[in-house]
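Structure record follows, encoded as structure tokens.
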Amino acid sequence: MKLYIPLTLAFLFATSLAIAQDKMPAIKIKDLNGNQVDASTLSNNGKPLVISFWATWCKPCVRELNAIKDQYIDWEEETGVKVIAISIDDSRNSAKVKPFITGQGWEYRVLLDENSELRRALNVNNIPHTFLLDGKGNIVWQHNGYIPGDEDHLYELVTQVATGKKIEK
Amino acid sequence: MKKIFTGFNLLVCSFLLAQNNSSDLGTISGNFQSDFQYYIRDTLIDPSGEADPDERMLGTGFLNLTYSRGNFIAGIRYENYQNQRVGLPAGYNSEGITYRYARFIKDRFDVTVGNFYEQFGSGLTLRTYEERGLGIDNNLDGIRMAYQPADGVTLKAVIGRQRNYFDKGAGLVRGFDAEWSLKPTLGWTGNTNLIIGGSFVSKFEAANDPELNLPENVGTGAIRVNLITGDFNIFGEYAYKSTDPNSFNDYIFKPGEGIYIATSYANNGLGVSLGFKRYDNFFFKSQRESDLQQLFINYLPSLTTLHTYTLPALYSFNTQGNGEMGFQGEVSYNFKRNTLFGGKYGTLVTVSYANSYSLDKDYKLRPRYSRADTTIIDSVLRGSQGYSSSFLGRGPYTYFQDLHIEFKKKLSKKWKATATYYNFVYNNSTLIKGASDYDYESVGSEPDIFFVNAGVLELLYKIKSRHALRTEIQGLFTEQDRGNWALLLMEYSIAPSWFFAIQDAYNYGNPDEDLQIHYISANVGYSFGTTRFQMGYGRQQQGVFCVGGICRIVPASNGFTFGVTTNF
């Protein structure tokens with residue numbers, strides 16, 4: 001194991017110009033009709049895209065998605081942004097996802113990552129975890145956790161992306 | 001393992017160097033998580049000092065690195081536990097690379113070499129996953145291949161050995177799964193889809209028991225059907241396992257069965273889900289003797305709600321893989337705004353019921369004879385055919401029952417409220433102490449049952465832009481166990497960076513007056529970009545972690561905690 005650290009440092013150094021995930025990986029998840037969806041194809045026709053990892057049992061996640069719901073009509077109208085909510089509920093709860101979102105009244109596209117495969121590929125530790133993608137599908141920002149008001153900050157960034165401004169990571 | 005990893009790392013590095021002139025070097029991303037705890041001796045919660053660690057301070061750390069370039073992904077995870085934190089299984093007391101893989105995805109092919117996670121169907125035959133907070137990681141180290149011969153058809157094959165702490169399990173696991181989604185293949189239009197699938201998983205473990213002739217190969221097979229229309233979703237899976245005597249089923253020679261059905265209806269604010277489960281001798285592990293949580297090959301969905309508020313979560317259910325039956329029904333309805341129940345903003349009401357009870361078991365013990373003549377000395381379960389059970393027969397023991405009703409409402413521009421009532425029937429002997437039906441039957445005892453009522457009121461108050469106060473008021477009432485509890489949590493947050501929380505859980509109804517104490521804790525969190533720091537101080541009440549068919553008691557503790565997570 002002693003070789004591990006120097007090798008990893010070399011590994012990091014060799015790639016120091018390209019740190020951070022910049023695109024969605026080609027991992028397959030499912031939509032609510034059981035169709036496979038390749039995560040690398042998720043896009044919003046040149047407009048910003050918000051991808052939020054959540055689960056039915058995760059209260060902060062639900063709070064975040066409900067906070068966005070209250071403003072979603074305005075967000076869409078002003079910037080064309082879309083939200084995709086990716087549930088990591090496993091088979092214990094995945095059958096409840098559809099009734100759950102119906103109850104919440106969410107109009108997001110909801111996808112299922114039942115065994116957290118995409119979550120792992122994107123190095124998501126805990127949920128909620130939110131990614132912001134620009135119109136070209138580049139991941140330009142990500143955030144872990146939710147506290148009330150975070151949605152306002154997210155929307156500022158969405159606006160910047162929609163107007164083509166570069167945002168600080 | 002060291003060699004494999006070093007070789008792998010060299011491979012990746014040389015690959016990178018070789019690509020140095022190209023403009024696309026690929027990307028590297030990752031995450032890091034570390035948690036420390038400094039323990040303070042607390043004679044109130046732990047008079048004998050048995051839960052108090054000698055180390056005083058313990059820490060864990062995780063680093064994930066993922067490299068991707070085009071169709072190629074590779075990753076490693078380094079973990080360290082110095083030493084295992086209070087509450088984690090004892091085997092987590094080392095450090096090393098526990099996960100490394102290289103994966104290539106191209107067109108219809110997907111190949112992984114190294115460690116991987118996989119799930120077939122709902123998991124009845126195979127599911128490997130990681131839940132590090134609970135100390136669960138049963139990844140397979142081997143080869144995984146997936147291939148799509150046509151649109152909608154997916155074939156998967158896996159082979160490998162499972163992780164067991166910082167080592168591997170003794171059993172070899174082999175699996176195959178096929179799934180056919182008819183809609184894309186047959187070009188159906190509209191919302192209807194029918195997905196059928198089947199899987200076969202087997203394990204091999206050498207056997208040399210002096211008394212029993214144990215099977216070295218054990219196989220499970222499953223078929224599943226999922227019908228999806230616009231509003232309805234009906235999923236069913238049936239699995240069968242050949243005879244698998246092991247230390248978790250008292251070495252009985254009996255095949256196992258698992259049935260899991262989940263249906264739902266969702267339309268226009270109304271959500272309904274109905275589920276049924278029946279697991280009979282269906283724990284499937286890749287080693288006959290292992291620690292409780294380790295080396296599970298399959299996963300049995302518990303079909304109960306996962307509660308996350310602190311007090312209701314004290315009475316968590318966990319799947320009884322050796323035999324249980326139960327169902328769950330849940331209805332939620334969103335009363336529209338500007339109606340009688342909906343008010344100005346609408347109201348969401350959810351009613352949920354779930355239960356679990358024993359199978360109707362008729363034991364078939366094995367007589368043991370004396371050497372001299374054919375006199376029967378005794379009769380034992382070990383080595384017998386176990387029991388017979390009628391398919392829908394209800395056994396004498398209730399394991400669990402959960403009824404809860406939740407109201408969720410936005411009260412005004414500034415206030416949101418959620419109120420929940422819970423009623424639990426909790427079989428402590430089975431769920432926590434791990435007693436089997438046979439333990440009750442053989443000595444004629446009855447399990448300890450707790451009857452619990454609880455209520456939680458959560459209020460969210462938006463003080464001004466970015467400032468919010470969240471309050472939880474919880475009460476839990478029972479005449480058994482540790483008696484009544486009250487809990488108050490206040491959390492003040494300033495988006496996007498800060499939160500401050502203080503919580504008092506007061507066990508005022510504990511039958512032991514010395515234990516009628518306040519468990520007070522305070523936490524501060526700070527986020528900066530993708531990095532999050534959290535620190536706190538407090539006395540933590542004894543809790544329960546339930547996972548993979550096993551509940552584990554986490555002892556009470558007192559001390560400072562510090563945690564950091566980051567992504568890059």
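The residue that is farthest from B:Q541 (Cα to Cα), among those in segment B:53-78 that are among the charged types (D, E, K, R) and free of Cβ contacts under 8 Å to residues at least 24 places away in the same chain, is B:R77.
Checking each residue of segment A:102-113 against the condition of being charged (D, E, K, R), part of a loop (DSSP other than H, G, I, E, B) and buried (at least 21 other Cβ atoms within 10 Å of the Cβ) gives at least one match. Among the residues in segment B:223-231, are any under 19 Å from B:I297 (Cα atoms), of a type outside the set (A, V, I, L, M, F, W, C) and out of contact with any Asp or Glu (no Cβ under 6 Å at 6 or more places or on another chain)? No, that holds for no residue.
Residues that are acidic (D, E) and not in a strand (DSSP E or B) within segment B:123-176 comprise just one, B:D151. Evaluating B:E118 against the criteria (1) farther than 23 Å from B:Q33 by Cβ; (2) of a type in the set (D, E); (3) away from chain A (no Cβ under 11 Å) leaves one unmet condition, (3). Among the residues of segment B:439-453, those identified as in contact (Cβ under 8 Å) with a residue 60 or more places away in the chain and among the hydrophobic types (A, V, I, L, M, F, W, C) are B:F450, B:V452. The residues listed here are B:S442, B:S436, B:S390; of these, the one that is closer than 28 Å to B:P255 by Cβ, within 23 Å of the chain's Cα centre (by Cα) and of a type in the set (G, A, S) is B:S436.
Taken residue by residue, segment A:70-79 has no member that is within 11 Å of chain B (Cβ to nearest Cβ), over 24 Å from B:D151 (Cβ atoms) and within 17 Å of the chain's Cα centre (by Cα). Is there a residue in segment B:298-309 that is outside any strand (DSSP E or B) and more than 14 Å from every other protein chain (Cβ to nearest Cβ)? Looking through segment B:298-309, none of the residues is outside any strand (DSSP E or B) and more than 14 Å from every other protein chain (Cβ to nearest Cβ). Filtering segment B:512-536 to residues that are within 27 Å of the chain's Cα centre (by Cα) and away from chain A (no Cβ under 14 Å) leaves B:Y519, B:S521, B:M535, B:G536.
For beta carbons closer than 7 Å, sequence separation of 6+ or different chains, a first residue in segment B:454-476 that is under 12 Å from B:L311 (Cα atoms) and more than 9 Å from chain A (Cβ to nearest Cβ) and a second that is among the β-branched types (V, I, T) and crowded, with 17+ Cβ neighbours inside 10 Å, the qualifying pairs are B:G455/B:T420; B:V456/B:T420; B:E472/B:V456; B:Q474/B:T310; B:Q474/B:V456; B:L476/B:V452. Of all residue pairs spaced 6 or more apart or on separate chains, those with beta-carbon atoms under 9 Å, a first member in segment B:500-514 that is farther than 20 Å from B:V452 by Cα and a second member that is in a loop (DSSP other than H, G, I, E, B) are B:Q503/B:T310; B:D514/B:L44; B:D514/B:P47. Any residue in segment A:43-55 that is away from chain B (no Cβ under 14 Å) and under 24 Å from B:S122 (Cα atoms)? Looking through segment A:43-55, at least one residue is away from chain B (no Cβ under 14 Å) and under 24 Å from B:S122 (Cα atoms).
Would you confirm, using the coordinates I've provided, whether A:K82 is of a type in the set (K, R) and either under 12 Å from the mean Cα position of the chain (by Cα) or within 30 Å of B:L126 (Cβ to Cβ) (or both)? It is true that A:K82 is of a type in the set (K, R) and either under 12 Å from the mean Cα position of the chain (by Cα) or within 30 Å of B:L126 (Cβ to Cβ) (or both). Mind listing just one residue for me: the one in segment A:126-137 that is in contact with a Lys or Arg (Cβ under 9 Å, 6 or more places away or on another chain) and within 11 Å of another protein chain (Cβ to nearest Cβ) and, of those, surrounded by the fewest Cβ atoms within 10 Å (Cβ to Cβ)? By that ranking, first place goes to A:N126.
One residue alone among B:I259, B:I234 is under 20 Å from A:N93 (Cβ atoms), without any contact (Cβ under 8 Å) to a residue 24 or more places away in the chain and in contact with a strand residue (DSSP E or B) (Cβ under 7 Å, 6 or more places away or on another chain), and that residue is B:I259. Checked against the criteria, B:L270 counts as in contact (Cβ under 8 Å) with a residue 40 or more places away in the chain and in contact with a helix residue (DSSP H, G or I) (Cβ under 8 Å, 6 or more places away or on another chain). Restricting attention to segment B:254-265, does a residue exist that is in a loop (DSSP other than H, G, I, E, B) and more than 8 Å from chain A (Cβ to nearest Cβ)? Yes, some residue in segment B:254-265 is in a loop (DSSP other than H, G, I, E, B) and more than 8 Å from chain A (Cβ to nearest Cβ).
Just one residue in the set B:Q293, B:Q328 is in a loop (DSSP other than H, G, I, E, B) and touching a residue at least 12 places away in the same chain (Cβ under 8 Å); that residue is B:Q293.
Annotation: B:G509 fulfils all but one of (1) more than 14 Å from every other protein chain (Cβ to nearest Cβ); (2) assigned to a strand (DSSP E or B); (3) touching a Phe, Trp or Tyr at 6+ places or on another chain (Cβ under 9 Å); (4) not charged (D, E, K, R); the unmet one is (2). Taking each residue of segment B:140-164 that is within 14 Å of chain A (Cβ to nearest Cβ) and looking for partners that are of a type in the set (S, T, Y) and in a strand (DSSP E or B) with beta-carbon atoms closer than 6 Å, six or more apart or interchain, yields B:R144/B:T112; B:Q148/B:T154; B:G152/B:S181; B:L155/B:Y147.
No lab work stands behind these numbers, since they all come straight from the coordinates. These numbers come from a predicted model, not from an experiment. Note: ideal-geometry Cβ built from the backbone for every residue, glycine included; neighbour counts use all protein chains shown.
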